[in-house]
1. Any residue that is in contact with a strand residue (DSSP E or B) (Cβ under 7 Å, 6 or more places away or on another chain), under 26 Å from residue 8 (Cβ atoms) and modelled with pLDDT of 95 or more - is there at least one of those in the range 87-98?
2. Kindly provide the set of residues from the range 149-167 that are touching a residue at least 24 places away in the same chain (Cβ under 8 Å) and more than 25 Å from residue 183 (Cβ to Cβ), ordered by number.
3. Working only within the range 24-52, note down all residues that are part of a loop (DSSP other than H, G, I, E, B) and either at pLDDT 85 or above or in contact with a strand residue (DSSP E or B) (Cβ under 8 Å, 6 or more places away or on another chain) (or both).
4. Inspect the range 53-71 for any residue being surrounded by 13 or more Cβ atoms within 10 Å (Cβ to Cβ), out of contact with any helix residue (DSSP H, G or I) (no Cβ under 6 Å at 6 or more places or on another chain) and part of a helix (DSSP H, G or I) and give the result as yes or no.
5. Among the residues in the range 84-107, are any surrounded by fewer than 20 Cβ atoms within 10 Å (Cβ to Cβ) and touching a residue at least 60 places away in the same chain (Cβ under 8 Å)?
6. Which of the residues spanning the range 161-179 are modelled with pLDDT under 90 and either outside any helix (DSSP H, G or I) or more than 22 Å from residue 69 (Cβ to Cβ) (or both)?
7. In the range 130-145, what residues are part of a helix (DSSP H, G or I) and farther than 8 Å from residue 189 by Cβ?
8. Could you list, in sequence order, the residues of the range 26-44 that are more than 17 Å from the chain's Cα centre (by Cα) and crowded, with 16+ Cβ neighbours inside 10 Å?
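The values are calculated or read from the model by the stated rules, or taken from the named source; none is laboratory data. Just so you know, these numbers come straight off a predicted model, no measurement behind them. Backbone-built Cβ (ideal geometry, glycine too); neighbour counts: all protein chains shown.
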């Protein structure tokens with residue numbers, strides 16, 4: 001267990017949470033079922049051992065199935081399934097910001113792990129998750145930003161090495177980048193869920209309607225699929241008034 005990569009450990013923990021139904025609320029917002037999530041996690045674990053060569057000269061470049069191809073495929077699916085263009089834009093902006101931040105960090109921070117106060121995987125993963133949430137603001141956008149941002153930073157790194165003519169072997173989404181990708185995605189969703197839950201409780205529960213705080217409950221439309229776009233949901237005060245009227249009417253009829 002101690003020799004297991006950090007990304008694998010996190011995936012194992014997430015799998016347990018999904019299996020016991022403790023992550024259902026998050027999965028609903030990710031447009032995934034329990035079975036889909038478990039199959040996807042299994043695919044990432046198996047795919048982490050598969051590297052596909054995409055270039056052999058002057059650099060040997062491979063792309064990892066579990067650390068790049070499958071996560072990017074999931075992010076693409078979530079972008080396509082997004083309800084609003086603004087959410088897609090936020091996800092793309094978050095990905096770009098994460099990629100730039102991680103690329104700058106890898107350039108200016110000490111390269112040797114022993115010279116850093118924390119494991120670089122944790123630093124880059126947590127930083128990417130924070131930036132992804134701040135820019136994405138919703139669970140899905142934060143997840144997309146964290147995952148795509150790390151993959152994009154890998155691509156930027158390879159382009160930089162290729163530009164200066166540095167020979168060697170590198171992998172997109174492989175080795176340490178796999179752990180960082182998983183950490184970034186999980187941290188982004190955890191922060192988004194924590195902040196979202198806190199804000200909802202401070203507001204007394206999910207607030208539906210045009211006056212709700214933006215990003216407070218980004219999938220309220222899914223709770224009211226039959227509601228027309230032009231209709232305005234009743235406020236709590238209107239609901240209480242209508243309930244009192246119906247109750248008083250019922251008492252009058254019984255009398």
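1. Filtering the range 87-98 for residues in contact with a strand residue (DSSP E or B) (Cβ under 7 Å, 6 or more places away or on another chain) gives none.
Scanning the range 87-98 turns up no residue that is in contact with a strand residue (DSSP E or B) (Cβ under 7 Å, 6 or more places away or on another chain), under 26 Å from residue 8 (Cβ atoms) and modelled with pLDDT of 95 or more.
2. 162, 165, 166, 167
3. Start the filter on the range 24-52 by keeping residues that are part of a loop (DSSP other than H, G, I, E, B), which leaves 30-33, 48-50.
Within the range 24-52, 32, 33, 48, 49, 50 qualify.
4. Checked against the condition, which is being surrounded by 13 or more Cβ atoms within 10 Å (Cβ to Cβ), out of contact with any helix residue (DSSP H, G or I) (no Cβ under 6 Å at 6 or more places or on another chain) and part of a helix (DSSP H, G or I), the range 53-71 yields at least one hit.
5. Restricting attention to the range 84-107, the residues satisfying the condition of being surrounded by fewer than 20 Cβ atoms within 10 Å (Cβ to Cβ) are 84-86, 88-89, 92-93, 96-97, 100-101, 103-107.
Pick out the ones that are also touching a residue at least 60 places away in the same chain (Cβ under 8 Å) and you get none.
Scanning the range 84-107 turns up no residue that is surrounded by fewer than 20 Cβ atoms within 10 Å (Cβ to Cβ) and touching a residue at least 60 places away in the same chain (Cβ under 8 Å).
6. 163, 164, 165, 166, 167, 168, 169, 170, 171, 174, 175
7. Filtering the range 130-145 down to residues part of a helix (DSSP H, G or I) leaves 130-136, 139-145.
Within the range 130-145, 130, 131, 132, 133, 134, 135, 136, 140, 141, 144, 145 qualify.
8. Of the residues in the range 26-44, the ones more than 17 Å from the chain's Cα centre (by Cα) are 35, 39, 42-43.
43, the sole residue that qualifies.
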